[in-house]
Every structure is written in C-alpha cells, then in structure tokens.
1. Would you mind listing the helices (runs of 4 or more DSSP H) fully within region 24-91 where at least 1 residues are over 24 Å from Ile240 (Cβ atoms)?
2. Could you please let me know if Ser247 is surrounded by 20 or more Cβ atoms within 10 Å (Cβ to Cβ), touching a residue at least 12 places away in the same chain (Cβ under 8 Å), part of a helix (DSSP H, G or I) and of a type in the set (Gly, Ala, Ser)?
3. When you go through Leu156, Leu200 one by one, which is the residue that is assigned to a helix (DSSP H, G or I), closer than 25 Å to Arg142 by Cα and without any contact (Cβ under 8 Å) to a residue 24 or more places away in the chain?
4. With the condition kept exactly as written, say whether any residue in region 200-223 is modelled with pLDDT of 90 or more, surrounded by fewer than 15 Cβ atoms within 10 Å (Cβ to Cβ) and aliphatic (A, V, I, L, M).
5. Would you call Thr92 modelled with pLDDT under 90 and on the phi > 0 side of the Ramachandran plot?
6. For region 99-137: of the residues being modelled with pLDDT under 50 and among the hydroxyl-bearing types (Ser, Thr, Tyr), which is surrounded by the fewest Cβ atoms within 10 Å (Cβ to Cβ)?
7. Can you confirm whether region 17-24 contains a residue that is of a type in the set (Asp, Glu), loosely packed, with under 13 Cβ neighbours inside 10 Å and either on the phi > 0 side of the Ramachandran plot or at pLDDT below 95 (or both)?
8. Before we move on, is Ile103 in a helix (DSSP H, G or I) and in contact with a helix residue (DSSP H, G or I) (Cβ under 8 Å, 6 or more places away or on another chain)?
Amino acid sequence: MLVEADRAMATTMDRPAMEPVHPKPAGRAPWPVAFYRSAVGKKWVMAVTGLMIIGFVFFHAIGNLKVYLGAEDFNHYGEFLRELLVPILPRTVALWLMRVGLIGAFALHIHSAYGLTRMNWRANGPGYQQTRDFQAANAASRSMRWTGIIIGLFILFHLADLTWGTANPDYVRGDVYRNFVATFSRPPVAIIYIVANLALGLHLFHGAWSMFQSLGLNNPRWNSWRRGFAIGLAAMITAINVMFPISVLTGIVSADDNPDCITRGDVIVDCTEYADEEAAP
C-alpha cells in the first residue's frame, strides 16, 4: 500500500504544472460609450440634449411670431428656412439636417432619462425619492415623466398636422400661413395645442432648473438666479405658444389677408406662388 501511494505521489509530482485559468477580460469600450454608460455621463447627455431642445423650442416660438405680420411675411419666413445655406447645400438639405439632429437629440434625451430612472430603481427601489435642492420645482419634477410622454405624443401629432399634413384636412403644401390658420380654427385641435404647451412649460421649467446641476453648476448662491431663469424661460415660451391658437380662435390672426391662395368656401384649393416654390428641387 505504501509503495503504491509513493508511486501515485511521484506520478502527480511529475505532471507539468498547469497555469490557472482566468477569464479573458472583455475589451474596454470606447471612452464616449463608457462615459455614457455611467450615471454622470447620462446626466451630461440629458443636460446637453436638453439645452439643444430648449434652444430649438425658443427660436421656433420666436420665429412663429412672424405670423402676426401677415401671410406674406410668415410664408417668406418658411421659405427662408427651406433655403438655408443655399447654394452651399441644395434646397431644404440644411433644414433636414437640423431635423435629423433634433431627432437624435430627442432620442438621446429620452434614452438617458430612461437609463437614469432604471439606475435609481435598481439602487434604491421604485419608491425612492432622491433628496435634491429642487424645492423650487417639486410639482414640475414629479410630473416630468408624464409631461415628457405628453410632449412626445404631441410632437408626433404636430408633425402630422403641420409638416406632413395628414392630420390637417385643409393642408396645402407650401402655404405655411394658411395651414397655421386652418389647424387652429378647429377648437379641439386648439385645445390639444394649449394643453400640450402647458405640459411643455412645466417640463421646461424643471429642465432649465436642473440642467445646471447636471452640468456641475450647483452653487446655492446661484439658486435664485436659476429659479428666475427657469421661470422666465418657461413662462415666455408657454405664453407665446399658447397665444397662437387663441389668436386664431379670436380672429386676431385670420386667413383673410392671404392673397396668394384660392379658396372654395373654407377649403384652400390652390396656393400657386408657394406651392411652386415648395415643389422646386
């Protein structure tokens, strides 16, 4: 027995040593991807894309104020947007590049918000409510998810209504002014726009307030300035956008001063000047 045990031990000792098996480390993701996967990265992406969206909403509202100057000015403003950077780029290309950029900003904004929510739930449970210095924005912050959903649905309707024309029975390609008046002349549609822009105002208020914190600009001495900026920006954009449907319903903005279109009753049948321009390559 002892001899057999010695032989077994000798055989074991004669075997070549085996290297320990370690799993091959996964390749490191590129820095932008790794940064975005972190909570800090998602907050930065959410803040930067939010800033882009705020800028678009602000200039979109300011540009639409031209409707109060009449059909010619408003339609020429629409044509100006289609001809941005012409002849450097073909007609409407710059406008579509901006649209694609905005779609990307919206997608990243929504995805980062969803990712941060999932991180908070995994870390603290769905009932957890983080303590932040958002006292000024409690109502808005608690409704961010729902106002975001309302805004997302409204954007789809807005595109179908005034960009594609599928939701506007009086839509005429190229006549921005008459399409604007035609859609807001319908009270149910006007109500949709008013409610959606009130939700947008709440969303903008909290977004503008929290954006600076996400970017690391979170000094208590600046809170009063942040609050004033958030209130002023949200109130101004909301007031401008809500006034558009109200102005049409009350007759402040009317289709009567557009000589470029031919109507049959209440239906627009032809806008020769701007239809030709829109159809041009």
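1. Qualifying helices (runs of 4 or more DSSP H): 31-37, 39-64.
2. Numbers: surrounded by 20 or more Cβ atoms within 10 Å (Cβ to Cβ): no; touching a residue at least 12 places away in the same chain (Cβ under 8 Å): yes; part of a helix (DSSP H, G or I): yes; of a type in the set (Gly, Ala, Ser): yes.
Spelling it out, it is not the case that Ser247 is surrounded by 20 or more Cβ atoms within 10 Å (Cβ to Cβ), touching a residue at least 12 places away in the same chain (Cβ under 8 Å), part of a helix (DSSP H, G or I) and of a type in the set (Gly, Ala, Ser).
3. Only one candidate passes the filter, namely Leu156.
4. Taking every residue of region 200-223 in turn, none turns out to be modelled with pLDDT of 90 or more, surrounded by fewer than 15 Cβ atoms within 10 Å (Cβ to Cβ) and aliphatic (A, V, I, L, M).
5. Values: modelled with pLDDT under 90: yes; on the phi > 0 side of the Ramachandran plot: yes.
So Thr92 passes the test.
6. Per the stated criteria, the residue is Thr131.
7. Residues of region 17-24 of a type in the set (Asp, Glu): 19.
Subset that is loosely packed, with under 13 Cβ neighbours inside 10 Å: 19.
Checking the rest, the ones that are also either on the phi > 0 side of the Ramachandran plot or at pLDDT below 95 (or both) come to 19.
Yes - at least one qualifying residue is present in region 17-24.
8. No.
The values are calculated or read from the model by the stated rules, or taken from the named source; none is laboratory data. The model shown is predicted, which means the values in this text are computed figures rather than measured ones. Note that we place each Cβ from the backbone using ideal geometry, even for glycine, and neighbour counts take in every protein chain shown.
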